[in-house]
1. Please enumerate the residues belonging to region 97-138 that are within 22 Å of residue 151 (Cβ to Cβ) and not in a loop (DSSP other than H, G, I, E, B).
2. Counting only residues that are in contact with a helix residue (DSSP H, G or I) (Cβ under 6 Å, 6 or more places away or on another chain), within 30 Å of residue 113 (Cβ to Cβ) and at pLDDT below 85, give me the helices (runs of 4 or more DSSP H) lying completely in region 1-70 with at least 3 of them.
3. For region 129-139, check the following and say yes or no: at least one residue is in contact with a strand residue (DSSP E or B) (Cβ under 7 Å, 6 or more places away or on another chain), surrounded by fewer than 17 Cβ atoms within 10 Å (Cβ to Cβ) and farther than 28 Å from residue 63 by Cα.
4. Please find, among 159, 113, the residue that is closer than 29 Å to residue 60 by Cβ and over 17 Å from the mean Cα position of the chain (by Cα).
5. Do we find that residue 91 is within 15 Å of the chain's Cα centre (by Cα) and under 29 Å from residue 49 (Cα atoms) in this structure?
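The values are calculated or read from the model by the stated rules, or taken from the named source; none is laboratory data. For clarity, every value in this text was computed on a predicted model and none was experimentally measured. Cβ sites come from the backbone with ideal geometry, for glycine too, and all protein chains shown count toward neighbours.
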């Protein structure tokens, strides 16, 4: 065990008469062991809150900080690809928070979810009073190279949560299209 001042570091701080008392010495040594284990955990905290180094359980907790629900079964998975996907997704959600509800935010999240190139086309935007506003179109076209580990239905379910109510989604998956 890594003790900051060697074995007995807390016991050595007692007055000599108290240190010789076996009962007091036993209690102090117990507290020393507790303090050592707490100190070790605190020393490693920077790695536990780093998405690149966090344990699987901590990944699920970190995901909850950004409003992401990682399936408990995925957390327990020993698959490095799954773990890398989780880490990539948590990083992307953190980066995309400021862009949530925008084309850029949606592209960032979908790229992390699918590990695919993503293009989003919509008629939305912010227009000044004197701008010529394009005709309203509630259709959002999303093009992906592939859906990664997700099914088409899972991608559509994700989009239903991320897009405004009433938006029509046209999902195009390039790998499914016929070669020209």
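1. Here is the first cut: in region 97-138, the ones within 22 Å of residue 151 (Cβ to Cβ) are 106-120.
106, 107, 108, 109, 110, 111, 112, 113, 114, 118, 119, 120, listed by residue number.
2. Result: 56-65.
3. Within region 129-139, the subset in contact with a strand residue (DSSP E or B) (Cβ under 7 Å, 6 or more places away or on another chain) is 138-139.
Those left that are additionally surrounded by fewer than 17 Cβ atoms within 10 Å (Cβ to Cβ): 138-139.
Add one more test, that the residue is farther than 28 Å from residue 63 by Cα, and what stays is 138-139.
Yes: one or more hits.
4. Numbers: 113 fails: over 17 Å from the mean Cα position of the chain (by Cα).
The conditions single out 159.
5. Working: within 15 Å of the chain's Cα centre (by Cα): yes; under 29 Å from residue 49 (Cα atoms): yes.
So residue 91 passes the test.
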